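Here's the structure we're looking at; comments come further down.
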Amino acid sequence: MTIDALTDADIRQLLLTTRRIAVVGASDRPGRASFGVSAFLVARGYAVTPVNPAMAGRPLPGGTTVAGLEEALPLDMVDVFRRSADAGAVVDAAVSLGARSVWLQLGVVDEAAAARARAAGVVVAMDRCPVIEWRRLGLPPTI
């Protein structure tokens, strides 16, 4: 069993029904996971909005970086590239802004925030990478 209790069918459905993804913690450094994951998601056909207050206005895979989640509306998924200690605030903001799902990247775990999100009806993937899951599940080249 995985930490988030999602099955392969759950992950498959989540990835194939999501259209808009805000990537919190976006980076302009190609060696950073957030840069590579964003580029991968864009190549698969997702509408990606990079979110990073320090880089607002700069182009990144997906488009122009915005300072906060409010500027990335509407949200299907919020993909979180932040430390576990900072993830709860992002999860809470995603829930309050109407995100359908939250994806906490590899190594990002916040059980309390995940429980709050689930209680609000939000799907939570935790300690996973969508690129790894996409490839592992053999999903199609584009959505």
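Laboratory data are not the source of any read-out in this text; all were calculated from the coordinates shown. The model shown is predicted, which means the values in this text are computed figures rather than measured ones. Don't worry about glycine lacking a Cβ; one is built from the backbone with ideal geometry, like all the others, and counts go over all protein chains shown.
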**Complete:** Considering only helices (runs of 4 or more DSSP H) wholly within segment 1-96, the ones with at least 3 residues that are touching a Phe, Trp or Tyr at 6+ places or on another chain (Cβ under 7 Å) and not acidic (Asp, Glu) are none
**Message:** Being free of Cβ contacts under 8 Å to residues at least 60 places away in the same chain, surrounded by 17 or more Cβ atoms within 10 Å (Cβ to Cβ) and farther than 18 Å from SER101 by Cα is the filter here; which residues of segment 27-41 pass it?
**Reply:** SER27, PHE35
**Request:** Would you tally the residues in segment 94-105 being in contact (Cβ under 8 Å) with a residue 24 or more places away in the chain and either loosely packed, with under 15 Cβ neighbours inside 10 Å or in contact with a Gly (Cβ under 8 Å, 6 or more places away or on another chain) (or both)?
**Result:** 1
**Request:** Search segment 52-80 for residues that are under 24 Å from ALA125 (Cβ atoms) and without any contact (Cβ under 8 Å) to a residue 40 or more places away in the chain and pair each with any residue that is surrounded by 14 or more Cβ atoms within 10 Å (Cβ to Cβ) and charged (D, E, K, R) when their beta-carbon atoms are under 8 Å apart and the residues are at least 6 apart or on different chains.
**Result:** LEU60/ASP28
**Prompt:** When both residues are 6+ apart or on different chains and their Cβ atoms are under 9 Å apart, which pairs have a first residue that lies in segment 122-143 and is more than 15 Å from GLN105 (Cβ to Cβ), and a second that is small (Gly, Ala, Ser) and surrounded by fewer than 19 Cβ atoms within 10 Å (Cβ to Cβ)?
**Reply:** PRO141/ALA43; PRO141/GLY45; THR142/ALA43; THR142/GLY45; ILE143/GLY45
**Complete:** ARG20 vs (1) in contact with an Asp or Glu (Cβ under 8 Å, 6 or more places away or on another chain); (2) over 22 Å from ASP92 (Cα atoms): all pass except (2)
